[in-house]
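Each value in this text was obtained by applying a stated rule to the coordinates, not by laboratory testing. Note that the structure is predicted; figures quoted are calculated from it, not measured. Glycine also receives a Cβ, built like all others from the backbone with ideal geometry; neighbour counts cover every protein chain displayed.
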Amino acid sequence: MTFRFAEETDSPLILKFIRALANYEKMSDQVVATEELLREWIFEKRKAEVLFVCDGGKEVGFALFFHNFSTFLGRAGIYLEDLYVFPEYRGRGYGKALLKKLAQIAVERGCGRLEWSCLDWNQPSIDFYLSLGAVPMDDWTMYRLTGETLEAMAK
C-alpha cells in the first residue's frame, strides 16, 4: 500500500472516483464537475488536494480534502470532502489507511482537527467512523446555499 498526491494529469481519474462515489450515494444526477473544472479548482487555484491510496501502483481509493479554519482553536483544520475506495478493494484497510494518512498530514501541518460529513443512511460508514473513535457532531446541522438561491443571496 502506497500513497501519492494527485497531479494535474490525474483530473480524469479524480472525476472517475467522484462519479463512482456519487453512484454509491445515489446522487449521480448531481455531478456537474468536469475534468476542466477539477483541473482549474484543484491544481490552478489550489483550493483542494487529492490523496490516492494505491495497491501495486494502481489507485484504489481517494480522499479529496481542503483546509478550513477554527476560530475557537485559532488554527486551520482539514475537512475531508470525499473518501472512496472501489468496492473490490474494500475490507482491506484502504479506507482506514487514508484516514490515518490524513490525520498524519493534519498533525504535520499543525492542524487542530480533521472532520467530515456522512450521509445519515450510510450505516456501514457510520459504524466504521465510530470504530475509529470519531465523534458525531449531533449539536450541529449543516446549511447550504447553491445555485439560484446562492445567486439571489449574493445580490
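So how far, in whole Å, is the C-alpha centre of the range 99-137 from the one of the range 30-95? So the separation of the two Cα centres works out to 13 Å.
If only the Cβ of Lys and Arg carry +1 and only the Cβ of Asp and Glu carry -1, the dipole of the chain around its Cα centre is close to 460 debye. Relative contact order of the chain: 17 percent, from C-alpha pairs under 8 Å at least 6 residues apart in sequence.
Peptides 78-85, 50-57, 20-27, 132-139 ordered by packing proxy, namely the average of other Cβ atoms within 10 Å per residue, highest first: 78-85, 50-57, 20-27, 132-139.
Across the cross-link table entries Lys58/Lys101; Lys47/Lys101; Lys16/Lys96; Lys26/Lys101, which are compared at the Cα atoms, the separations over 23 Å belong to Lys26/Lys101. Figure legend: label point modelled 7 angstrom from the Cα of Lys26 along Cα→Cβ; residues of the range 57-95 with amide N under 20 Å from it are 83-85, 87. The length gained on full extension between Ala97 and Trp140, counted as 0.36 nm times the residue separation minus their Cα-Cα distance, comes to 12.8 nm. The string of couplings for the range 115-124 from the Karplus curve (6.51, -1.76, 1.60, θ = phi - 60°) is 9, 7, 10, 9, 4, 4, 7, 7, 4, x Hz, one whole number per residue in order, with x for Gly and Pro.
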